[in-house]
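Colleague: Got a structure for you, written out below as structure tokens; questions coming shortly.
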Ligand code: OFO
């Protein structure tokens with residue numbers, strides 16, 4: 001049986017994933033405003049993914065007879081200094097999510113909750129992939145530079161990532 005402590009911790013994770021979804025939605029809107037179509041599409045997709053991460057925990061809690069709580073979402077920022085600083089914030093947020101998932105894994109060991117431990121493996125892998133993706137995007141941005149002349153190329157690079165993700169999703173890998 002899942003403990004109260006674990007239910008509480010998973011509900012906190014729901015709030016973190018929900019915030020990520022709103023933060024990335026806000027970033028998508030800012031990219032749209034700045035005419036960065038590729039970046040906007042990328043952030044919309046990230047936002048959808050985070051909503052899916054949140055819902056996955058929701059369903060898990062119902063399945064194990066817990067109670068999933070709809071979180072209050074704090075207002076995310078609407079303005080970003082530059083694409084680079086926006087992407088750095090995404091990377092930072094992903095690192096925060098990873099740390100939180102690791103804490104959940106530790107707690108599931110302490111509680112001898114092997115069902116939750118097994119459930120969390122998907123998140124461990126997802127975070128590894130997300131961090132690697134963001135690192136590779138940031139490396140490209142550093143290479144291209146992020147002055148006004150570079151924005152077009154950054155957007156193009158992110159379009160390529162979108163195209164790859166869409167192809168993977170169509171092939172059932174995404
Ligand atoms: Fe769900 O936090 Fe990103 O991937």
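No value in this document is a laboratory result; all are computed from the given coordinates. Keep in mind the model is a prediction, meaning the values are calculated, not measured. Neighbour counts are summed over all protein chains in view; Cβ atoms, including those assigned to glycine, are modelled from backbone coordinates with ideal geometry.
Colleague: All but one of (1) over 15 Å from the mean Cα position of the chain (by Cα); (2) in a helix (DSSP H, G or I) hold for residue 67; state the number of the condition that does not hold.
Modeller: (2)
Colleague: Of all the residues that make up the stretch 70-113, how many are more than 14 Å from the ligand (Cβ to nearest atom), without any contact (Cβ under 8 Å) to a residue 12 or more places away in the chain and either in a helix (DSSP H, G or I) or under 13 Å from the mean Cα position of the chain (by Cα) (or both)?
Modeller: 4
Colleague: Pairs under 6 Å by beta carbon, first residue closer than 16 Å to residue 154 by Cα in the stretch 8-35, partner outside any helix (DSSP H, G or I), six or more apart or different chains?
Modeller: Going by the 6 Å Cβ cut-off, the qualifying pairs are 30/80.
Colleague: Further question on the same structure: Quick one: what pairs do we get from the stretch 118-138, first residue more than 25 Å from residue 39 (Cα to Cα), second in a helix (DSSP H, G or I) and more than 11 Å from the ligand (Cβ to nearest atom), C-beta under 7 Å, 6+ apart or different chains?
Modeller: Listed by first residue and then by second, the contacts come to 119/60; 120/104; 120/105; 120/108; 124/105.
Colleague: A further question follows. Residues of the stretch 114-142 being closer than 20 Å to residue 15 by Cβ and under 13 Å from the mean Cα position of the chain (by Cα), which ones?
Modeller: The answer is 123, 124, 126, 127, 130.
Colleague: Tell me yes or no: at least one residue of the stretch 56-65 is within 16 Å of the ligand (Cβ to nearest atom), farther than 22 Å from residue 157 by Cα and without any contact (Cβ under 8 Å) to a residue 24 or more places away in the chain.
Modeller: yes
Colleague: Looking at 1, 6, which one is outside any helix (DSSP H, G or I) and more than 18 Å from the chain's Cα centre (by Cα)?
Modeller: Only one candidate qualifies: 1.
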